[in-house]
Amino acid sequence: MEALGAPLRTLRALLRELRHAAGRSYRDSPAYRHVLAAFRAHRVTTEKLCRAQQELHFQAATYLCLLRSVREHEALHREYHGKGERSPQEVARLVGFRLPQQPRGKG
């Protein structure tokens, strides 16, 4: 259980990832309401066993890992995905070269 960290930290990180995914209106999303309701329902009290909270914490940590991985994958995909055919001038500029100028201003 120590590897998962504190449940409150997991909840905050999960809500942060939901904010990244949904934008400004993340508090209106059903996912936000569901996560908060689930964490409230599984709070530790003196009358409950902790097994349900540990199961919820593990599921929340797994979902958090999924959301982070998807966000990071999309960022890498945007950065490194090919943008189609590029002109020789663009390719030369990308690698730090300049193409020679054509005589009489043709190039």
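The values are calculated or read from the model by the stated rules, or taken from the named source; none is laboratory data. A quick note: this is a predicted structure, and the numbers were derived from the prediction, not measured. Virtual Cβ from ideal backbone geometry, glycine too; neighbours counted across all protein chains shown. Just so you know, the surface numbers come from the protein's heavy atoms only, side chains and all, with ligands and any DNA or RNA stripped out. Shrake-Rupley method; radii C 1.70, N 1.55, O 1.52, S 1.80 Å.
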Using +1 on the beta carbon of Lys and Arg, -1 on that of Asp and Glu, and nothing else charged, what's the dipole of the chain about the Cα centre, debye to 20?
480 debye
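When ligands, DNA and RNA are left out and all protein chains stay put, how many square angstrom of accessible area per residue does the range 7-95 have with a 1.4 Å probe? Spell out each step's value before the answer.
Values: 7180 Å² over 89 residues.
It amounts to 81 Å² per residue over the range 7-95.
Kindly provide the helix-only [θ] at 222 nm of the chain, computed as the sum of -39,500 (n - 2.57) over DSSP H runs of four or more divided by all residues, to the nearest 500 deg cm²/dmol?
Details: 4 runs with 66 residues, N = 107.
Taking each H run of at least 4 residues, the total per residue is -20500 deg cm²/dmol.
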Over the chain, calculate the relative contact order: mean separation of alpha carbon pairs under 8 Å at least 6 apart, over the residue count, as a percent.
27 percent
Can you pull the percent of the range 7-95's accessible area that's carbon plus sulfur, 1.4 Å probe, other chains left in place?
55 percent
Go through 75, 88, 22 and say which Cα lies farthest out towards the positive end of the charge dipole of the range 7-95; charges sit on Cβ, +1 for Lys and Arg, -1 for Asp and Glu.
22
For the range 1-33 and the range 50-93, write down the distance between their C-alpha centroids in whole Å.
16 Å
Under the 7 Å Cα-to-Cβ spin-label approximation, residue 36 and residue 80 lie apart by a distance in nanometres of 3.8 nm
Among 85, 74, 17, the residue with the largest mean-square fluctuation in a Gaussian network model of the chain built from Cα contacts under 10 Å is 85
Mind giving me the nanometre distance, one decimal, between the label points for residue 102 and residue 26, set 7 Å out from Cα along Cα→Cβ?
5.2 nm
In a Gaussian network model of the chain with springs linking alpha carbons closer than 10 Å, the residue among 19, 71, 86 that fluctuates most is 86
